[in-house]
Each structure stands twice: as C-alpha cells, then as structure tokens.
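J.: Here it is, the structure, as structure tokens.
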Amino acid sequence: MNARPSSLPWTRRRFLGVLAAAKLGVLLSACGRDEPAVGPQYEPAPPEGAGGAWYRLAVHPLHNPTKLLQTYGELADYLGARLEDGGILLEGSNDYAHFEDKVARRAPHFLLPNPYQALRALDHGYRVIAEVGDSADFRGVFVARRERVPATPAALRGQVLCYPAPTALAATMLPQLWLARQGLDVRRDTESVYVGSQESAMLSAHRGECAMGVTWVSPWRAFQRTHPAEAAELVVVWETDPLINNAVMVRDDLPPALIVRVRTLLLDMATEEAGRALLGHLGIARFNPADDARYRDAMQAFLADYVARVGDLP
C-alpha cells in the first residue's frame, strides 16, 4: 500500500490547493488538448515525491465539477491506495464533448462512461470490466414545476425541453425515445436545449426556462439532497424504462495484472467496511460484473429503435 504525504486524500488535497489559488470550482481538466482552453485548466499530477505508475480515471460529466470531485475523488483514492505501485488520478471534463474527445484520443487509462459512450469507446480500444450499480436505476426522469405539469406528452408540442447533452443516454436519448413512443416527433414538435449538466437541466425547469427538465434517477436523488428548496417545487412527471447502467472501462494496453486487480477491487468493494461506506457515498449498492458483449447486446436494440423513431444518432 502506498504511503500518502498527508492524511487528507491526495486527490482532494491537490484540488483544494488549486481551488484556493484560482477561487473557481473547476475540476481537474484534461491535458494535451489542441485548442486553447477557456478558463482555468488543471492537469492531473501525482503528489510531490510519489513514485510508481499513475493512471488517469476519466468520469463523464455526471455532476458539476465540485460534486464530481467529492464523489469520485474518493473512488480514485480508494483504488489507488490499494495498488501495489502507483495510484489513480481523477480527471474531470468540461462537458460531454470534451470527455468524448479524450476517449477518441485514448488519453485516459480508465473510463466511467455512459452506455452509449461505452459502445463508442469499444472502437477506441477500451474494454468493459464492470457495471456501476444496478441497471434498474438507469432510467430517465422528466421534472417540471408543480404548477406547470403537462397533462400528457402531447401537451409538450411547441414547448422547450432542457437536457444535459445530446449524448447523455439516460437523461436525453432514453427520454427522447420515450417521447417518440408516445407519438411526438421530438425534433419537430419540441425544442431541445442542451444546458451542459444534469443539475442545470433541473435548475432550468425550476426557473421556468423550459417546460420540463430532463435528467435521470441518480442526479435527481442528489439534487433533492443538495437543493431541497428547489426540488420541493419540482415533481417527477414521467419516467422511462431502464437500460444498462454506466460502465467502468480500461484501455487495452494496460498490464493484465493491473486490470484484474482493479476489477477485483471494484467487485469486492461491498465485502469490506470502507468499501461499503464508499458505495453509499457513490449512491450505489455495488459494482456488478460486466463485459463488452453485455453492453453491445443491451445497446443494439435501443439504438435501432432510436434511429427509427427519433432520427440520426448524436
């Protein structure tokens, strides 16, 4: 087990130092982008004096940067502290497109993508080693102000709906397919506005900037905890059917022993006290076994139906 230079987990300790200097809540951002960065950009780096190999874990924008660090920084620390030599560096992204660009460039060593991003990552040499939580939780939810609840999906014709991003599977693609199955032509009958994050979609609905905000179960639960006053003025109107949950993936050029070790740590997390506490913080019961074939099988029928009813894939 690697010794850390401080009792505070290094991932969070380094971030807090950067935050104090910049006074901005921006998470560790990708290094090596070709285009000029807008705003502060932070490169993940191991703590001073640390040896061994360090691996980058990139998580798609499930939350705002500060919340993402608070949640998945602990996971990076947990895994890194249990590796024989080296550790895990948590890396955030500005938005979904930024995350997907990193995947296409094979920049991170480990990924936590949504299932659609996972399917794309397979083409870039990443492999699935686990599913994050249970598939039953991976479903989209439509939220609206209590006084603005539409009677039926047909009432959304001519209305604005706020989504996190075009490629947000549970919070955009699943709900758009659900609306299409209810008889709406999503791209003609409604206006889709992509606001950049799950939280922004819900806040946009609360502020009355759209008829409905669209998100998924996990961010809605978190929003109820972190924004209780706003959440009390919103109501879940409809939910989609579930699909497969987010994946954990590894780049295919990593040492096989490392891949086996990380997969084992994830799957065994629920068997020890520290692991169970972390799972509770992540809002899941466990990491489940999964492989490439499971994601291909789960996504094949969904994507075919999406193309037939909604249109071209984003």
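Read-outs: derived from the displayed coordinates by stated rules, not from any lab. Treat the numbers as computed from the prediction; the structure is a model and nothing was measured.
J.: Roughly how compact is region 62-197, stated as its Cα Rg over 2.2 N^0.38 Å to two decimals?
T.: 1.25
J.: Let me ask something else. Under the rule of at least 5 residues apart or a separate chain, name every residue whose amide H is placed under 5 Å from the amide H of TYR55.
T.: GLY87, ILE88, LEU89
J.: Could you give me the ³J(HN,Hα) list for region 208-213, computed from phi with Karplus coefficients 6.51, -1.76, 1.60 and θ = phi - 60°, whole Hz, x at Gly and Pro?
T.: x, 7, 8, 5, 8, x
J.: What is the ratio of the Cα radius of gyration of region 139-241 to 2.2 N^0.38 Å, with N the residue count, to two decimals?
T.: Cα Rg divided by the expected 2.2 N^0.38 Å: 0.94.
J.: Under 5 Å between amide H atoms, partner at least 5 residues away or on a different chain: which partners does TRP238 have, H built in plane at 1.01 Å?
T.: PHE142
J.: If you stretched the chain out fully between ARG225 and ARG106, how much longer would it get, using 0.36 nm times the residue separation minus the C-alpha to C-alpha distance?
T.: Using 0.36 nm per residue and subtracting the Cα-Cα distance, I get 39.3 nm.
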